[in-house]
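One structure is given here, and the rest of the page talks about it.
Coordinate-derived values only; no laboratory data. This one's a predicted model, so the numbers in the text were calculated from it and none came from an experiment. Note that each Cβ is placed from the backbone with ideal geometry, even for glycine, and that neighbours are counted across all protein chains shown.
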Amino acid sequence: MLWGVFSDVHSNFEALDAVLKALAKEGVKGWVCCGDVVGYGAQPNEVCERIATLKPLHVVSGNHDLAVAGKMDITWFNDYAQAAVMWSREVLKEPARRFLAALPDRVVADGFMVAHGSPRNPAEEYLLTRQQFLDNASLVKVAPCFVGHSHLTWCFTKDPASPLGTRALMLRDGQTISAPLGVSCIFNPGSVGQPRDHDSRASCGVYDDEKRTFRLLRVPYDIEKVQKAMREVALPELLVLRLSYGQ
Ligand SMILES: [Fe+2]
Ligand SMILES: [Fe+2]
């Protein structure tokens, strides 16, 4: 079975819509969302509603989801993220608030694991280095583990044959990595709604649980339409502009 894996939608409905259509075209039958459904963008209700209708779906909470749902202190968020959280809290409707508030911090199901930042600290850790991967590897209950949070497509695999004992690479569009049975690995599909790797296209991946492969996909969407909607509700201009640069 093919799973559509995506993360960090951040209330960007146009990007989510493009990603879901592209993944459906790939033949995806199940869905994995690694958190940060909301925050930054202008359509938190629409994004929650759309994701909640996906089936079967495994979804976890991100730090922005916890913040918007009032379950996390936001004093450590930067000014722009704080402004977006405050705005999102104001416009969020009850069904979306309930959806966010009920999200688990980790999921182990259907032969894989899902956490937002990392298995050991889902709400806060940015998993960026081999050492962090090694520190988390024993906490991967079932591999692969899918994470988000960094908005970067870092993928780590234990590999005794490699000089450092691990393989680490940032997946590009169309690139595939394998998840050998019984080997700890953590894959990040990048961000749907706010990519930060200088590629402004939405990012997502396809996991084939029979072949045990994960392939990255980049999907273009109407960025200007999203920016117009963000300006209409006066979200910070920096958050609007960064979508153009994938940064
Ligand atoms: Fe995020
Ligand atoms: Fe996050």
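Calculate the tail of P(r) for the stretch 35-112: the fraction of all Cα-Cα distances greater than 22 Å, expressed in %. All intermediate terms of the calculation are to be shown ahead of the outcome.
On the way: 625 of 3003 pairs.
So the pairs more than 22 Å apart make up 21 percent of the total in the stretch 35-112.
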- Message: Below 13 angstrom from the Cβ of residue 138, what's the summed charge of the other residues (Lys, Arg +1; Asp, Glu -1)?
- Response: +2
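Residue 186: net charge of surrounding residues, Cβ under 15 Å, Lys/Arg +1, Asp/Glu -1, itself excluded? Mind dumping the intermediate values first?
Values: positive: 106, 120, 130, 141, 158, 167, 212; negative: 125, 135, 159.
Result for the neighbourhood of residue 186: +4.
If packing is taken as the average count of other Cβ atoms within 10 Å, what order do 44-52, 95-103, 72-80 fall into, highest mean first? Walk me through the numbers before you get to the answer.
Values: 44-52: 20.0, 95-103: 17.4, 72-80: 12.7.
Highest-to-lowest ranking by the protection proxy: 44-52, 95-103, 72-80.
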- On Cα atoms only, tilt of 223-232 relative to the major axis of the chain in degrees: 40 degrees
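Given contacts defined as C-alpha pairs under 8 Å and at least six residues apart, what's the relative contact order of the stretch 53-104, whole-number percent?
Numbers: 28 pairs, mean separation 26.4, N = 52.
Worked out over the stretch 53-104, it gives 51 percent.
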- Item | In degrees, nearest ten, helix 13-25 long axis to first principal axis of the chain (Cα) | 40 degrees
- Query: Out of 30, 41, 193, any idea which swings most in a Gaussian network model of the chain, alpha carbons joined below 10 Å?
  - Reply: 30
- Task: Answer with one residue from 152, 91, 234: the one whose Cα lies farthest towards the positive end of the charge dipole of the chain, charges on Cβ with Lys, Arg +1 and Asp, Glu -1.
- Result: 152
- Task: Provide the percentage of antiparallel DSSP beta bridges, counting only those with both residues in the stretch 2-245; round to the nearest 5.
- Result: 70 percent
- Would you compute, from DSSP H runs of 4+ residues alone, the mean residue ellipticity of the chain at 222 nm, taking -39500 (n - 2.57) per run and dividing by the full residue count, rounded to the nearest 500? -9000 deg cm²/dmol
- Task: Using R₀ = 25 Å, calculate the FRET efficiency as 1/(1 + (r/R₀)^6) where r is the Cβ-Cβ separation of residue 199 and residue 130; round to 0.05.
- Result: 0.60
- Message: I'd like the orientation of helix 79-91 relative to the chain: the angle between its Cα long axis and the longest Cα principal axis, in ° from 0 to 90, rounded to 10.
- Response: 70 degrees
- Message: Taking only the Cα atoms of the chain, how large is their convex hull per residue, in Å³?
- Response: 109 Å³
- Message: Quick check: net charge around residue 166, other residues with Cβ under 12 Å of its Cβ, Lys/Arg +1 and Asp/Glu -1?
- Response: +1
- Query: Where the centre of each part is set by its Cα atoms, how far does the stretch 98-137 sit from the stretch 10-39, in angstrom?
  - Reply: 18 Å
- Among 117, 62, 70, which one shows the biggest mean-square fluctuation in a GNM of the chain, springs joining Cα atoms closer than 10 Å? 70
- Rounded to 0.05, the calculated FRET efficiency for the beta carbons of residue 106 and residue 86 at R₀ = 25 Å is 0.35
- Task: Note the count of lysine pairs whose C-alpha atoms are less than 17 angstrom apart in the chain, limited to pairs 8 or more residues apart or on different chains.
- Result: 7
- Message: Show me the ranking of peptides 83-94, 139-150, 232-243 by mean Cβ neighbours inside 10 Å, starting with the highest.
- Response: 139-150, 83-94, 232-243
- For labels at residue 175 and residue 55 in the simple 7 Å Cα→Cβ model, what's the distance in nm? 3.7 nm
- Roughly how many nanometres apart are two label points built 7 Å out from the Cα toward the Cβ at residue 210 and residue 25? 2.3 nm
